[in-house]
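The numbers here are math on the coordinates, done by the rules we state, and not lab data. Everything numeric in this text was worked out from a predicted model, so none of it was measured. Cβ sites come from the backbone with ideal geometry, for glycine too, and all protein chains shown count toward neighbours.
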Amino acid sequence: MNTQMIDGKLIAQTIKDELKVKVETLKNQGLTPGLAVILVGENPASQVYVSNKKKACEYIGIKSFSYELPSETTEKEVLELVETLNNDSAVHGILVQLPLPKHMDEQKIILKIDPVKDVDGFHPYNVGALSIGLNGLVSCTPAGVIELLKRTNIEIQGKNCVVVGRSNIVGKPVSLLLLREHGTVTICHSRTKNLHAVVGQADIVIAAVGIAKFISGSMLKPGAVVIDVGINRDENGKLCGDVDFESCKGIASHITPVPGGVGPMTIAMLMHNCVLAAKNQGGF
Ligand code: NDP
């Protein structure tokens, strides 16, 4: 079988270009979408993520407001900043870069964000909206997975979808989204028995385990579609996913690479959420 690579970088670029046009139109109508990003502390990975988000905003025409705070910042100060941004009409999206320093309660801070500005889709209001099928802001990585499938013309309806991982930020929301698209969804986790057999039934496999090269080609049904959410380092320090890419070649019908698969989609969907939040708040 000829395994087709799903080019997340290219799809993400297309989405950003579409958003650029939408933002131009909104600006002509007097609305400039604004995203506030709060970064606390000096986590190098977080600094890279935040800088990439700012670059994407610049490219699309979203105004970014950046708050880079020292690690000694108190929880109360962050809560007050979120409250100020909740009331700022130039800010349509608020993103608190996680992880926060240990002395802060992440949940308390996420709860403080006005759900209409919660562009990460982590607020329980948006999580609840997703689970009962209401409109809301959907978290970016899971939304990116669905967008990759749709834009590759992979049908989800009626397909056996196996999600490996049940975290609140990836596994659970991606499962709900697949269900919303009428997939038949199985969620696996560390206590799942006979994972090989379960994955072997899948038409679509979503790997969100956090273990390098955990899913191998020998586990797959021939022709399965494989979406790799993982971001890990292999034994040589090289970036790799939760899927053993090489062993899936010739068995999977489609596969996402790492890097260049789901990763770029996360930022594209964040930008999508910012534009959506701005439109909703601007009454468009
Ligand atoms: P978590 O560590 O929060 O969750 C991992 C999940 O995998 C858990 O549900 C866990 O089960 C399950 N798991 C662990 N071991 C096994 C096993 N042996 N068999 C079956 N299931 C197992 O990770 P995240 O969901 O946050 O992230 C998953 C991956 O995605 C990571 O590599 C992360 O870096 C990456 N990621 C990528 C993003 C992107 O933008 N591309 C964004 C977010 C994450 P249990 O619940 O039982 O413990």
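Say we join alpha carbon atoms closer than 10 Å with springs in a Gaussian network model of the chain; which of Leu31, Leu220, Leu177 then has the biggest fluctuation?
Leu31
For the stretch 41-113, what is the relative contact order in percent, using Cα pairs closer than 8 Å and at least 6 residues apart in sequence?
Relative contact order comes out at 36 percent.
What per residue convex hull volume, in Å³, do the alpha-carbon atoms of the stretch 31-114 yield?
That works out to 75 Å³ per residue.
Using the number of other C-beta atoms within 10 angstrom as an exposure proxy, rank Ile204, Ile169 with the fewest first.
Least crowded to most crowded, the residues run Ile169, Ile204.
Relative contact order (percent) for the chain, with alpha-carbon contacts under 8 angstrom and 6 or more residues of separation?
Averaging sequence separation for qualifying contacts and normalising by length gives 23 percent for the chain.
Based on Cβ point charges of +1 for Lys and Arg and -1 for Asp and Glu, what charge dipole magnitude is obtained for the chain about its Cα centre, in debye rounded to the nearest 20?
The dipole of the chain has a size of about 580 debye.
Output the direction-averaged projected area (hull surface divided by four) of the convex hull of the alpha-carbon atoms of the stretch 143-211, in nm².
So the mean shadow area of the Cα hull is 4.4 nm².
Kindly give the semi-axes, whole Å and largest first, of the ellipsoid equivalent to the stretch 1-155, taking each as the square root of 5 times a Cα gyration tensor eigenvalue.
Result for the stretch 1-155: semi-axes of 28, 19, 17 Å.
As an exercise, find the ratio Rg/Rh for the chain from alpha-carbon atoms, using the Kirkwood inverse-distance average for Rh.
Result for the chain is an Rg/Rh of 0.98.
Pairs Lys63/Lys150; Lys76/Lys117; Lys193/Lys249; Lys22/Lys63; Lys16/Lys213; Lys150/Lys238: which exceed 23 Å Cα-Cα?
Result: Lys63/Lys150; Lys193/Lys249; Lys16/Lys213; Lys150/Lys238 exceed 23 Å.
Using a Gaussian network model of the chain with C-alpha springs under 10 Å, which one of Lys238, Lys213, Lys249 is most mobile by mean-square fluctuation?
Comparing Lys238, Lys213, Lys249 in the GNM, the peak value goes to Lys238.
Can you put Lys54, Lys27 in order, fewest other beta carbons within 10 Å first?
Listing Lys54, Lys27 from fewest to most nearby Cβ atoms yields Lys27, Lys54.
Using Cβ counts within 10 Å as a stand-in for footprinting exposure, how do Met104, Met219, Met5, Met271 rank, fewest first?
The most exposed by this proxy come first: Met5, Met104, Met219, Met271.
Anyone know which of Gly230, Gly241, Gly260 comes out most mobile in the 10 Å Cα GNM of the chain?
Gly260
Restricting to Cα pairs below 8 Å that are 6+ residues apart, what does the relative contact order work out to for the stretch 140-263? Please round to a whole percent.
Worked out over the stretch 140-263, it gives 22 percent.
Seen from all sides and averaged, what is the projected area of the convex hull of the Cα atoms in the stretch 140-263, in nm²?
6.9 nm²
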